[in-house]
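A.B. asks: Take this structure first; my questions come after.
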Amino acid sequence: MLVFIRTVLSLVLTALIGISGLFGMTGDKATGHDDYKEYKNVILMIGDGMGFNTLEATKKLRNVDLAMETMPVLSQSETRSLTNKVTDSAAGGTALACGVRTYNGAIGVYAFNPFANRWQYPVSLSEYAIEQGKLAGVVTTDETSGATPASFSAHAIARGEEKNISNDQMTSDLTLVWGCASESVTPEKCAENGFEYLTTRAQMNALEEGSRSFAQFDWADIADVKSEKDTPYLAEMTAKAIDLLDDDEDGFFLMVEGAHIDKFSHSNDFNGSTAHTVEFDKAIEVALEYAAQDGETLVVVTADHETGGITLNESTGEYYYTSGSHTGVNVPVFVSATDAGFVSGEAYKNCEVSTQLARVMGADEKDFPRIKI
Ligand SMILES: [Zn+2]
């Protein structure tokens, strides 16, 4: 009888352990993620200063549909910095690059760290991707040392430290750093660190797979979208960058910035800001086409902040600027897939957008955000 009872107990226990094991597995992080899928490649596209009403004004004034609005997920980003309700592009870029909020003016450094400098900083998505064996690139229509590209490729206590920022970029492990010319970038220093130096569209198009490159395009030519260009449009830069990055079996991370949406909004110039929103959207279209055919690439489109406080006059039906500065409103977060952990209608802190992109590239809590010493 005792043996019988033991046997029954043993069977019941075994069954219970089995059932709990099953439940355990479904919640076990080591077996996978319940709420998002990992992607081999991530393309983060930042429309500097691009708010919801920048898009509305663009559609109305240019009579266009926007490729970004075809993306299946639309969330929001809360754009403030640690110290200010209204962020600048440095703290905004750092939140999107490093998953941490910091003080306005900071490039990839912590706020409350007296040793915040190049030897002790939060890793960026570019650096995390490179740690994972991926290739990383930064493409912008701003100067390469501008606050947004700098946040993804440098660490400096102030955005004005152009020399330090350019030096970090020229000695980085990135595969490409492309944008407008910045004072301290020289062909010699680029070559010393294995970067091909280029200034024209023809040179960009001639780049071959396996190369590393540093582009210094002409500012005025990039800013004027209608000029007879010797410099590439952002969409061309995006296509070529993807082409150069996509042969690594571990994948890639690419940041693409449309910088002049912000710059023209500061001067309340709808003609310029909407023209550059269209240019940025054409680059998004290139990334989305690649992602659709590749199947392993996630595209996320957002902004670091809104610029100009664009609002609608209900009686005239016209959009107008209410500010010459940045504002603190939420900005769009468009995501190319529904399984990447972003939920339509949800508002995330700007730094959480970055953290989720690191997760999508395989990071867990200890990997990102993380201090690098
Ligand atoms: Zn900005």
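A.B. asks: Please tell me if ARG62 is modelled with pLDDT under 95 and of a type in the set (Lys, Arg).
C.D. replies: No; evaluated as a whole, the condition is false for this residue.
A.B. asks: Still on this structure: Identify, please: which residue in region 163-193 is touching a strand residue (DSSP E or B) at 6+ places or on another chain (Cβ under 8 Å) and part of a helix (DSSP H, G or I) and is, among those, surrounded by the most Cβ atoms within 10 Å (Cβ to Cβ)?
C.D. replies: In this case the residue turns out to be ILE165.
Rundown of residues vs (1) at pLDDT 95 or above; (2) closer than 19 Å to ALA358 by Cβ, yes/no style:
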| residue | (1), (2) |
| --- | --- |
| ILE5 | no, no |
| ASP48 | yes, no |
| GLU69 | yes, no |
| VAL73 | yes, yes |
| GLY99 | yes, yes |
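A.B. asks: Restricting region 288-302 to residues that are hydroxyl-bearing (Ser, Thr, Tyr) and more than 14 Å from the ligand (Cβ to nearest atom), which is surrounded by the fewest Cβ atoms within 10 Å (Cβ to Cβ)?
C.D. replies: Step by step, filter region 288-302, then rank; the result is TYR290.
A.B. asks: From the list TYR290, TYR319, which residue is over 16 Å from the mean Cα position of the chain (by Cα) and either in a loop (DSSP other than H, G, I, E, B) or more than 16 Å from THR70 (Cβ to Cβ) (or both)?
C.D. replies: TYR319
A.B. asks: Which of the residues that make up region 253-285 are in a helix (DSSP H, G or I) and surrounded by fewer than 24 Cβ atoms within 10 Å (Cβ to Cβ)?
C.D. replies: LYS263, PHE264, HIS266, PHE270, ASN271, GLY272, THR274, ALA275, VAL278, GLU279, LYS282, GLU285
A.B. asks: Can I ask one more? With respect to SER336, is the statement that it is within 16 Å of the ligand (Cβ to nearest atom) and either under 15 Å from the mean Cα position of the chain (by Cα) or within 27 Å of PHE264 (Cβ to Cβ) (or both) true?
C.D. replies: no
A.B. asks: Any chance you could count how many residues in region 303-326 are under 20 Å from LYS59 (Cβ atoms), within 15 Å of the ligand (Cβ to nearest atom) and surrounded by fewer than 24 Cβ atoms within 10 Å (Cβ to Cβ)?
C.D. replies: 1
A.B. asks: Can you report the number of residues in region 159-178 which are within 16 Å of the ligand (Cβ to nearest atom) and in contact (Cβ under 8 Å) with a residue 60 or more places away in the chain?
C.D. replies: Result for region 159-178: 1.
A.B. asks: Any idea which of (1) assigned to a loop (DSSP other than H, G, I, E, B); (2) crowded, with 22+ Cβ neighbours inside 10 Å; (3) not acidic (Asp, Glu) is the one SER354 doesn't satisfy?
C.D. replies: Among (1) assigned to a loop (DSSP other than H, G, I, E, B); (2) crowded, with 22+ Cβ neighbours inside 10 Å; (3) not acidic (Asp, Glu), SER354 violates only (1).
A.B. asks: Counting only residues that are assigned to a loop (DSSP other than H, G, I, E, B) and in contact with a Phe, Trp or Tyr (Cβ under 8 Å, 6 or more places away or on another chain), how many does region 61-83 have?
C.D. replies: Within region 61-83, residues that are assigned to a loop (DSSP other than H, G, I, E, B) and in contact with a Phe, Trp or Tyr (Cβ under 8 Å, 6 or more places away or on another chain) number 4.
A.B. asks: Starting from region 218-233, keep only residues that are among the aromatic types (Phe, Trp, Tyr), then list their pairs with residues that are surrounded by 15 or more Cβ atoms within 10 Å (Cβ to Cβ) and assigned to a loop (DSSP other than H, G, I, E, B) whose Cβ atoms are within a distance under 8 Å, requiring at least 6 positions of separation or different chains.
C.D. replies: Partner pairs satisfying both residue conditions: TRP219/ALA181; TYR233/VAL225.
A.B. asks: In region 194-209, how many residues are surrounded by 15 or more Cβ atoms within 10 Å (Cβ to Cβ) and on the phi > 0 side of the Ramachandran plot?
C.D. replies: Looking only at that region, the number is 0.
A.B. asks: Another question about this same structure. Within 16 Å of the ligand (Cβ to nearest atom), assigned to a loop (DSSP other than H, G, I, E, B) and closer than 21 Å to LEU44 by Cα: does that describe VAL329?
C.D. replies: yes
The values are calculated or read from the model by the stated rules, or taken from the named source; none is laboratory data. Worth saying up front: this structure is predicted, and the values here are computed from it rather than measured. Neighbour counts run over all protein chains shown; Cβ positions are idealised from the backbone, glycine included.
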